[in-house]
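Below: the structure, in structure tokens.
Nothing in this text is a laboratory measurement; each read-out follows from the coordinates by a stated rule. In this text the structure is predicted, and so the values were computed from the model without any measurement. Cβ placement follows ideal geometry from the backbone for every residue including glycine, while neighbour counts extend to all protein chains displayed.
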Amino acid sequence: MPDRWPAATDLMTPDPVTVTHDAPVREALGLMRSREIHEIPVLRADRLIGLLTFESIARRANLPLSTKVEHLVILPPVILASTPYPEIAEQLLSTGLRAAPVVGRKGELMGVISRSDLVRPLPILVRSANQPVDGIARAIGTVLKESDPVRTLLTRIRLLEEHPLPVVDRKGKLVGAVGIRDLGRILWRPTVGGKRDAETKGSAMDVEVRTIMHSPAVTTNSGTSVSEAARRMVREHVSSVFVLGPTGKPESIVSQGDLLGLAIAEAGRERKALGDVYVEITGLRGASDPSILTEIDRAVAGGLRRVSRFVRPLLLNLHYAPHATHRTGDISVEARLHTNRGIYYASTTGWNLLAGTGALMDELVTQVRRQQEEVRRPRRLGGARRPSGEDESITVDPELESRIRSATEDA
């Protein structure tokens, strides 16, 4: 890893806010809301035992707030003080965490490092930060209405973990955004009032989204550089910005994860030897059947092997987005492939995810091969024959397909 990449000790926040293992969830939520953090380290006798996140609390929203935090902790990745920037970015993206604890050689808690800590120096660390943000932004799949009940957010937990969702008024105008931290305002609410409190009717989950959203939503214009988008995220203390099109309406969204992907790809480009390709898959629940990712990985690995015959793949982003209102249960899959020769994009929609993933990889291979043939043999007519053994078919297992579609439904 090049010396120019800073280590965790250079970027982390020392002396982080912590909570004891036997503290009630309401205490942890209070600290997280007041300090505006998504994760908080959990200690037992001054020893780190895990991490409590807004996501882990939201997924167990039916539990009373008196529940001890030790029942909701997750195991964070191991980040040492000497861990370099690209490796930290990989750890945070692969686990879906916004932040992780930094530990010493004896396992002692030294600090916390977040995606925001990594995005702050990104404009001066990543050489490709001057490119337009449009090249790494994702299409907006889910839009909320002001009048939607907060209860609908519980079915969008997986999306909220990745980035805030846009909120529009009756005319479709962007009026705000709602993220996992905003949902915490509802999760941390007393259910029993005092003598002077007015009687509350109905459930807190029935209030409208407009009551918890943050407004205005942070936006940037199409054509803005990655550097400016990163600075805007840091300046506004947000994890994503919406990209506005010529009509002034949001067309896409770029998140901290998308920015960190550039750093991972650049670090891979600097390695002299061909190493493993970093693959980020979003839209599937972390608790999904392991065989689901195994089958997807098989299709992806086959495609990347074929891609590597023409260029060196560095980073592959795959995003699965179910069509919640589609009668046929179709799911869209979007791919963004970073290579040493540029970035390639592909997307597909259908009910058969395994076949769809295979078709997506085929499309990426075709794009890469076509571009390289045009560069090397611009006058050649027709396409090249596929080498023997290159056709890696994707078998269709109805039962597995059912589990995959279930995995893409947000819990």
Inset, instruction - Take peptides 304-311, 132-139 and line them up by average Cβ neighbours within 10 Å, highest first, as a rough protection proxy. - result: 132-139, 304-311
Inset, instruction - Return the distance in nm (one decimal) between the two label points of a simple spin-label model at residue 373 and residue 251, each offset 7 Å from Cα along Cα→Cβ. - result: 3.1
Legend entry - Summed side-chain charge close to residue 15 - residues other than residue 15 whose Cβ falls under 14 Å, Lys, Arg +1, Asp, Glu -1: -1
Legend entry - DSSP-loop GluC sites (Glu not before Pro) across region 34-109, with at most 16 other Cβ within 10 angstrom: 36, 108
Legend entry - Around residue 44: net Lys/Arg minus Asp/Glu count, Cβ-Cβ under 9 Å: -2
Legend entry - Separation of the residue 20 and residue 145 label points, Cα + 7 Å toward Cβ, nm: 4.9
Legend entry - Label-point separation in nm, residue 80 to residue 66, each point 7 Å along Cα→Cβ: 4.5
Legend entry - Residue-count net charge about residue 94 - beta-carbon cut-off 11 Å; Lys, Arg +1, Asp, Glu -1: -3
Inset, instruction - Show me 250-257, 46-53, 165-172 ranked by packing, highest mean number of other Cβ atoms within 10 Å first. - result: 250-257, 46-53, 165-172
Legend entry - Gain upon complete extension [residue 366, residue 236; 0.36 nm per residue less C-alpha separation]: 42.7 nm
Inset, instruction - Rounded to whole Hz and in sequence order, give me ³J(HN,Hα) for region 43-48 from the Karplus expression 6.51 cos²θ - 1.76 cosθ + 1.60, θ = phi - 60°, writing x for Gly and Pro. - result: 10, 10, 6, 6, 10, 5
